[in-house]
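Below: the structure, in C-alpha cells.
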Amino acid sequence: MAGTTRDVIAHYDRYVMNTYVRTPLVLTKGKGSRVWDLEGREYLDLFPGWGVSGLGHCHPWIMKALRGQSGRLVHVPNNYYHPAQAKLAKKLVSLAFDGKAFFANSGAEVVEAAIKLARRWGQAQTPPTHEIIVMERSFHGRTMGALSATGQPKYQEGFGPLLPGFVCVPFGDLDAVKRAVTPQTCAILLEPIQGEGGVRVAAPEFLRGVRQVAEQHRLLVMYDEIQTGMGRTGTWFAFQQTGIEPDVLLLAKTLGGGVPIGAMIAKRAIAGVLTPGTHASTFGGNPLVAVSALAACEVIERQKLLDRATQFGRVARERLAALQARCPIIAEVRGMGLMIGIELRVNGGPLVEACRAQRVLINCTQERVLRILPALTITRAQLDRGLDVLERVLLESASHA
Ligand SMILES: *Cc1c(COP(=O)(O)O)cnc(C)c1O
C-alpha cells in the first residue's frame, strides 16, 4: 500500500465502511499532547481521542506497563483469575464507593451492562419494575440498548424498533423526572455533564433532586461518567464535585490510558443481582488493559493531575470568558475542569477547520458547541498556545460574521 495521506484515504474509501465523518488526516505518531500526520506535520491535540488519550498519547509509564504485560500474558479468560483485574477493581472501588466492578471493552458495553443490571434489580422488586428514565440530548453509545437510552432521535432514525422501557425527560428538569416516575420505574440514567450533548453541566440541585426522587421511589441512580470520569473535571469522578453518589458508575475512555476498557461499578448491595452466567464479556478486563488502567490511575495520582485539571481548567475558562466580551459569536463558555464547551452563535465546523489549518485539533458537537478535552498532562505552554490559536480563529470568524 502506498504511503501518502491520499492513498490511505483512497483505501478507506474502498475498503472501510463509511460510518464516520472523518477529517482528512492520517495520524501515525503521538507524544503527550502532540500528534504527527503521515507527512510528518505536527499538531497540538486538544481533543485527544475523544478523551481516550486523556492522559496524553503514549504516556511513558503506561507504555512501560503495556510492554511488560504484553511480554508475559495478554489474555486470561474470565473463567480464570488474574492479579491485575483484582487490583484494578479494588483501586476503582477505593476511588469511587464501596462496591464491585464489571469490566467490558467500551463505553456502550458498560451502558448495556448497566441496563441489564437495572432490569435484573428491577425484576427483584415487588412489584417488578423495568423502566429507566433517561435525559434528552444524552449520549450513551451506539449499541441497540445504549442507543435506546440516548435522548437524541437523530442517532436512532432508521434503526427501530428500539429497546422499549426508556422514558426520556429534559436534562435538568426535576419536575419532569418526578412526573416520569411510574410504578414500573427502576432507574434513572444520566451524565452529570453531558459531553456529546454540548458540555452541559447538571445543576447540583438537579442531581440532589434526582437522588431524592430515587430514594423516595426506591430507584437506582446510574451515572454515565464515560467522558467525565478519571480526573477530567478535577476530581476522579464528576459526582465527587457535588458529593451526590450514584448507585452505579460507568467509566471508559480515559480509564484505559489509551486501550479499550470499560468499567461498571455498582454499590455492593446492588452488584449481587448479576450472578454467574447472567452477564459476561470475553475480552473484558484482560491483563493487558487492566495493567494499562492501573498505570493510568498511577499517572493521575503521582503527577497530581486532578489539581492540574482544576487549575488549567480555570485558566482556560477565565480566558475564554474574557474573550466572550469582545467576541460576539461566543454565546456561552461552559464546563468543569478540563472539559470545556464554547457555545457559538454560528456553525462551529469552519472554526474546527480553521484551527486544524493552524495545527490545533479541536471538536465541535451539536453543530455550535466547540469542545476541547485537553490531555490532563498538557503543559501550560501548550495550553496557552492552543488557546492563542482558538482565540485568533474565534476573533477572525467574528469579524466575518
Ligand atoms: C463516548 C461515550 C459513550 C460511548 O462509548 P463507546 O466507547 O464509544 O461505546 C457513552 N457515554 C458517554 C457519556 C460517552 O462520552
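The values are calculated or read from the model by the stated rules, or taken from the named source; none is laboratory data. Quick caveat: nothing in here was measured; it's all calculated off a predicted structure. Note that each Cβ is placed from the backbone with ideal geometry, even for glycine, and that neighbours are counted across all protein chains shown. Just the protein is used for accessible areas: all its heavy atoms, side chains included, with ligands, DNA and RNA removed. Shrake-Rupley method; radii C 1.70, N 1.55, O 1.52, S 1.80 Å.
Treating each Cα of segment 47-155 as one equal point scatterer and applying the Debye formula with no solvent, the log10 of I(q)/I(0) at q = 0.19, 0.20, 0.24 Å⁻¹ comes out as -1.26, -1.30, -1.35. Over segment 73-302, the Kirkwood radius and the radius of gyration, each from Cα atoms, give a ratio Rg/Rh of 0.95.
Phi angles of segment 204-214 translate, via the Karplus equation with coefficients 6.51, -1.76, 1.60 and θ = phi - 60°, into HN-Hα couplings of x, 5, 5, 5, 5, x, 4, 4, 5, 4, 5 Hz per residue; Gly and Pro are given as x.
In this calculation the C-beta distance from Asp175 to Ala322 is compared with R0 = 35 Å, giving a FRET efficiency of 0.45.
For segment 2-46, the list of trypsin sites (Lys or Arg not before Pro) that fall in a loop by DSSP and count at most 15 other C-beta atoms within 10 angstrom reads Arg22, Arg41.
Projected label points at His11 and Arg380, each 7 Å from Cα along the beta carbon direction, are separated by 4.3 nanometres. Quick one: go through segment 100-121 and flag any residue whose amide nitrogen is under 17 Å from the point 7 Å out along the Cα-to-Cβ line of Met144. Answer for this model: 108-117, 119.
With a Förster radius of 35 Å applied to the C-beta separation of Leu395 and Leu38, the computed FRET efficiency comes to 0.65. Using a cutoff of 8 angstrom between alpha carbon atoms and counting only pairs six or more residues apart, the relative contact order for the chain works out to 21 percent.
Restricting the calculation to Cα atoms, segment 54-103 yields a radius of gyration followed by a Dmax of 13.1, 33 Å.
The residues packed around Ala114, meaning those with a beta-carbon under 13 Å from its beta-carbon, carry a net charge of -2 if Lys and Arg are +1 and Asp and Glu are -1. If you build a Gaussian network model of the chain, linking Cα atoms that sit under 10 Å apart, which residue out of Gly158, Gly231, Gly285 swings the most? Between Gly158, Gly231, Gly285, it is Gly158 that shows the largest mean-square fluctuation. Element breakdown for the chain at a 1.4 angstrom probe: carbon and sulfur atoms account for 54% of the accessible area.
Taking only alpha carbon atoms, segment 261-357 gives an Rg to Rh ratio of 1.16, where Rh is the Kirkwood radius. How high is the FRET efficiency from Ala124 to Glu298, r the C-beta distance, R0 60 Å, rounded to 0.05? The value I calculate is 0.95. Estimated purely from DSSP H runs of n ≥ 4, each contributing -39500 (n - 2.57), the mean residue ellipticity at 222 nm for the chain is -12000 deg cm²/dmol once divided by its residues. Value of Rg to Rh for the chain, rounded to two decimals, is 0.96; Kirkwood radius and Rg both from alpha-carbon coordinates. Label zone (Lys87, point 7 Å along Cα-to-C-beta; backbone nitrogen cut-off 15 Å) within segment 268-293: 286-293.
Among the listed pairs Lys100/Lys154; Lys64/Lys304; Lys64/Lys91; Lys116/Lys253; Lys154/Lys178; Lys87/Lys253, those whose Cα-Cα separation exceeds 23 Å are Lys100/Lys154; Lys154/Lys178. From the Kirkwood radius over Cα pairs of segment 195-313, Stokes-Einstein at 25 °C and 0.890 mPa s returns a whole-number translational diffusion coefficient of 155 µm²/s. Which GluC sites (Glu not before Pro) in segment 348-391 pass both tests, a DSSP loop state and at most 13 other beta-carbon atoms within 10 Å? Passing both the DSSP loop test and the Cβ count: Glu367.
Equivalent ellipsoid of segment 324-401: semi-axes from √(5λ) of the C-alpha gyration tensor, largest first, are 19, 14, 12 Å. Average accessible surface for the chain: 46 Å² per residue, computed with a 1.4 Å probe over protein heavy atoms with every protein chain in place. Our summary gives segment 73-302 a relative contact order of 29 percent, counting only alpha carbon pairs under 8 angstrom and 6 or more residues apart. Within segment 195-213, which residues have the backbone N less than 14 Å from the label spot 7 Å out from Val21 along Cα→beta-carbon, could you tell me? Counting only backbone N, you get 196-198.
Axis angle, to the nearest 10 degrees, between helix 5-15 and the longest C-alpha principal axis of the chain: 40 degrees.
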